[in-house]
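> Supplied in structure tokens, the structure appears directly below.
The values are calculated or read from the model by the stated rules, or taken from the named source; none is laboratory data. Just so you know, these numbers come straight off a predicted model, no measurement behind them. All Cβ positions, even for glycine, are placed from backbone atoms using ideal geometry, and neighbour counts span all protein chains on display. Just the protein is used for accessible areas: all its heavy atoms, side chains included, with ligands, DNA and RNA removed. Shrake-Rupley method; radii C 1.70, N 1.55, O 1.52, S 1.80 Å.
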Amino acid sequence: MTVTDPETLVGIDDSEETELRRRRWARDRELRAPRPPQALSTADFLTLGNAVCGFLAIYSVTTNMLIPHITGSSSGGGTMRHGAATAVTLLLLGAMCDLFDGLVARKLRASALGAELDNLADLISFGIAPAYFVAVWGIVSPGSNQGLSAFIALTVLLAVVLRLARFSAVKMRPGVFQGMPCPMGALTVIAIVLLDPPFLPGLLAIFGVAYLMVSQVEYPKPQGLLATATLGWIVVSIGCLAAWAAGLPGGDVLMHIGAFAQIALAAMAPLLVIRRKVGQKVGDVRARRAESRGC
């Protein structure tokens, strides 16, 4: 009978532990390594989901709002309300995908296509879809001007194009966006249309949103608690829209509350900037008065 030396057993255990550590290190290195350009990561599939939601929103507006209006086959406002609610819900789901693809890309490995896919998906969901929504609103809304609404829709689309191009080319300090983020801008435009304000004031408000997207106003990035609050806001908005589309009691009130809250949220950053500038000017005036009194 052969007796194994305890020191030999210790050596075997150490070698196995070393091998296990080496395998873990190799696996972690493989996970962190960028994928080849042809491969898609988990975050990329979320980005593609964003693009799909944008396309389906356009399809819903076309089939449930534009075509019934042109053919005269609309049965009251139920079809249009359902189409609008479906389109907005899809854009909210697209915004959710846009929120999560960045988080997933930071946690897991990202592909070489990630940034390009994200810009293209955002262009569809938060550029073409809301611009199309505004153009269709100008067609189906009574007392509207199709040419003027098409022009304002074009400004929304161009603002998103410029916003995405600047996001790729200009580096900002961490934690902020320069200009209103495209998802917020798109949802604010949709909120204005859902409220169905008088035509010209509504177009001016939409033009103001387009301006904010290409402005230099700084908006915080949704990270940590802000990202959780954003996700909760999206879920609540989807619930309000579902109640509105189903014609449930209080659905119209919920839709109006959600739309007004979205507009207030979008206006918060520029209002804070105006407040800060006014405060600086007041401080400068007081400082000059104090200096003059001292003299």
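> Can you tell me which of 240-248, 163-171 comes out highest on packing, and rank the rest after it, using the mean Cβ neighbours within 10 Å? All intermediate terms of the calculation are to be shown ahead of the outcome.
Numbers: 240-248: 17.1, 163-171: 13.8.
Those peptides, ordered most packed to least, come out 240-248, 163-171.
> Please work out the average accessible area per residue across segment 119-217, using the 1.4 Å probe convention, and give it in Å². Could you put the intermediate results ahead of the total?
On the way: 4210 Å² over 99 residues.
Accessible area per residue: 43 Å².
> Then there's this: Treating the beta-carbon of each Lys and Arg as +1 and of each Asp and Glu as -1, no other charges, what is the dipole magnitude of segment 89-184 about its Cα centre, to the nearest 20 debye?
Values: 7 positive and 5 negative charges, 77 e Å.
Dipole size: approximately 380 debye.
> Also, quick follow-up: Please list, in chain and number order, the residues 5+ apart from F177 or on another chain whose amide H is under 5 Å from its amide H, with Hs placed from the backbone.
Y219, K221
> With a 1.4 Å probe and every protein chain kept in, tell me what percent of the accessible surface of segment 183-230 is carbon plus sulfur. Present the calculation step by step, with values, prior to reporting the outcome.
Working: 1540 of 2180 Å².
Of all accessible area on segment 183-230, carbon and sulfur atoms account for 71 percent.
> Quote to one decimal, in nm, the extra length available between V140 and L40 on full extension: 0.36 nm per residue of separation minus the C-alpha distance between them.
On the way: separation 100, 0.36 × 100 = 36.00 nm, distance 4.05 nm.
Gain on stretching V140 to L40: 32.0 nm.
> What are the ³J(HN,Hα) couplings of segment 201-209, residue after residue, when phi is run through the Karplus curve with 6.51, -1.76, 1.60 and θ = phi - 60°? Round to Hz, x for glycine and proline.
x, x, 5, 5, 5, 5, 4, x, 5
> Please report the spacing between the Cα centers of segment 194-219 and segment 81-150 in Å, no decimals.
Centre-to-centre distance over Cα atoms comes out at 16 Å.
> When you count, for each residue, the other Cβ atoms within 10 Å and take the mean per peptide, how do 123-131, 263-271, 154-162 rank with the highest first?
On the way: 123-131: 25.6, 263-271: 15.8, 154-162: 19.6.
Listed from highest to lowest mean packing, they are 123-131, 154-162, 263-271.
> HN-Hα J couplings of segment 244-255 from phi, Karplus 6.51/-1.76/1.60, θ = phi - 60°, integer Hz, Gly and Pro as x?
Taking θ as phi minus 60°, the curve returns 5, 5, 7, x, 6, x, x, x, 5, 5, 4, 4 Hz for segment 244-255.
> Residues with amide H under 5 Å of S141's amide H, sequence separation 5 or more or different chain, H placed in the peptide plane at 1.01 Å from N; which?
none
> Sticking with this structure for a sec: Once the piece of chain linking E19 and A287 is laid out straight, how much longer is it, given 0.36 nm per residue of separation minus the C-alpha distance between them?
89.6 nm
> What is the distance, in nm, between label points placed 7 Å from the Cα along the Cα-to-Cβ direction at A115 and at A165?
Taking the simple label geometry, A115 and A165 are separated by 1.7 nm.
> Please list, ordered by chain and number, the residues whose modelled amide H lies under 5 Å from the amide H of S41; skip anything fewer than 5 residues away on the same chain.
Under 5 Å from the amide H of S41: S111.
> May I ask you to order 228-238, 111-121 by the average number of other C-beta atoms within 10 Å around their residues, highest value first? Could you put the intermediate results ahead of the total?
Values: 228-238: 15.5, 111-121: 18.8.
For the peptides 228-238, 111-121, the packing ranking is 111-121, 228-238.
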